[in-house]
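Here's the structure we're looking at; comments come further down.
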Amino acid sequence: MVDAPASPLAGRSILITRASDQTESLVRELKARGARPVLQPMIAFHPPSDFAPLDNALRDLRSFDWLLLTSANAVRALLDRAQSLGVDVMHSFAALRVAAVGPVTAEAARRAGLPVSQVATKHQGLALAEEFAAEFARKRILLPRSNLASAELPDALRRLGAQVTEVVAYRTFAAEPEGEGQSDFFSGRVEAILFFSPSAVRNFLNWDEGKGGQLLRSISDQSRKAAVVAVGPVTATALREAGLRNILQAQNTTVEGVIATLESFFSPSS
């Protein structure tokens, strides 16, 4: 019996700028390939400062035609609050049509019992309005999201004549690097950094600038092969606007897409 060839990720340190509870599947697949995932969240999430708009929407779900979910964080925040209010998810959300920004968000919603009927193929918020314009036109839409979310999607929906109710489901803050991840930053062991949102990019760059830009210089060193990977087109745009070059954009936002992008980059033939 011939042993399967080792993954090109074997022995490589992959820094993930996302919390552990959001990356369990990715960490598991990286470890299965012999990689060393290093978790260093660059953003933290907190409840809204005012629950009233979210609570009002949850208590009046029958007034909406569509629920648009643009992240797994929005799914978790929405369902956690619904549970706190005693809102029956299976019953109260049954009359709503649900659309998700991508397969990861759709899977989180389906696991919670939400009936997702549409998933954007481009895996970005604006794509929802572009791909399903006919279905969203002149409809009543509930859009729970972060306090830092872009205005592009609600603006595009309103141009379709939709009545959009935006509610802050959670707030996004910077997280200070510490522990294992921080030590790896400066050891030269990090061979790839994964970014999942523009907020993580901004917070990372602000933190690195405060440290003299050491990590950016390290990963820009042409003498070593290192990858800066954007998971999603919006994140890729944030990295380019920050001046980073040679950015890899994951094939899609799924775990499989991220793994495939990394393996292609580190393949001996690339």
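Just so you know, all these numbers are worked out from the coordinates, no wet-lab data involved. Every value quoted in this text rests on a predicted model; they were computed, and no experiment measured them.
General observations
- Between helix 255-266 and the chain there is an angle of about 20 degrees, using the helix long axis and the longest principal axis of the Cα atoms.
- Percentage relative contact order, the chain, counting C-alpha pairs under 8 Å, at least six apart: 21 percent
- With Cα atoms as the point set, the chain shows a radius of gyration and Dmax of 19.8, 63 Å.
- Nearby aspartates and glutamates by direct alpha-carbon distance to residue 139 (threshold 13 angstrom, same-chain neighbours under 8 apart not counted): 65
- Helix content alone sets the calculated 222 nm mean residue ellipticity of the chain: runs of n ≥ 4 DSSP H residues at -39500 (n - 2.57) each, divided across all residues, give -11000 deg cm²/dmol.
- In units of the compact-protein estimate 2.2 N^0.38 Å, the range 1-68 shows a Cα radius of gyration of 1.87.
- Distance histogram in 5 Å bins (all Cα pairs of the range 1-159, percent per bin): 2, 8, 16, 17, 17, 14, 9, 7, 5, 3, 1, 1, 0
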